Amino acid sequence: GQWKFVEGKLVGGNASLSDEDTKSISLSLFMAQKMSSESADEADDLQGEYNLLRKALAIQMEKLDRFNLERYKTECQAMNVALLLGSEEALSHARAIVDFLAFVCNEHHPLLLLQRRTLSELEGVFGDK
């Protein structure tokens, strides 16, 4: 298999989230998804969606292991919206995504290779800051 088994890292590891944290993350992600599905063509809507994703991600970054699957999924959403906004913050999300995939995947996994290429292209656009 191309996926490494990492007990407690991919799916688990949410024990440090309080009920309030879980609700706040869920609400932020729900509202971001709602904004995305309603009218993501407006810059203000995209910025609002990105702010909600950053809010959820901030809690996840504080409370969850960096190799947590839920945190990875939020990083992916945030990177996509940051790219739509043309924000250089997409670079930090891309780095987190590559770190996660390098930890859980075989080094030749196509998804890891694709994300490494994306990161390289973003470094070329935004510079390696």
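The values are calculated or read from the model by the stated rules, or taken from the named source; none is laboratory data. These numbers come from a predicted model, not from an experiment. Cβ placement follows ideal geometry from the backbone for every residue including glycine, while neighbour counts extend to all protein chains displayed. Accessible surface is based on the protein model in full, side chains and every heavy atom, while ligands, DNA and RNA are left aside. Shrake-Rupley method; radii C 1.70, N 1.55, O 1.52, S 1.80 Å.
Points to keep in mind about this one:
- Residue selected from the range 78-128 under the condition in contact with a strand residue (DSSP E or B) (Cβ under 9 Å, 6 or more places away or on another chain) and in a loop (DSSP other than H, G, I, E, B), by the criterion most open to solvent (accessible area, probe 1.4 Å): 106
- Hey, residue 64 of a type outside the set (Val, Ile, Thr) and open to solvent by less than 20 Å² (accessible area, probe 1.4 Å) or not: yes
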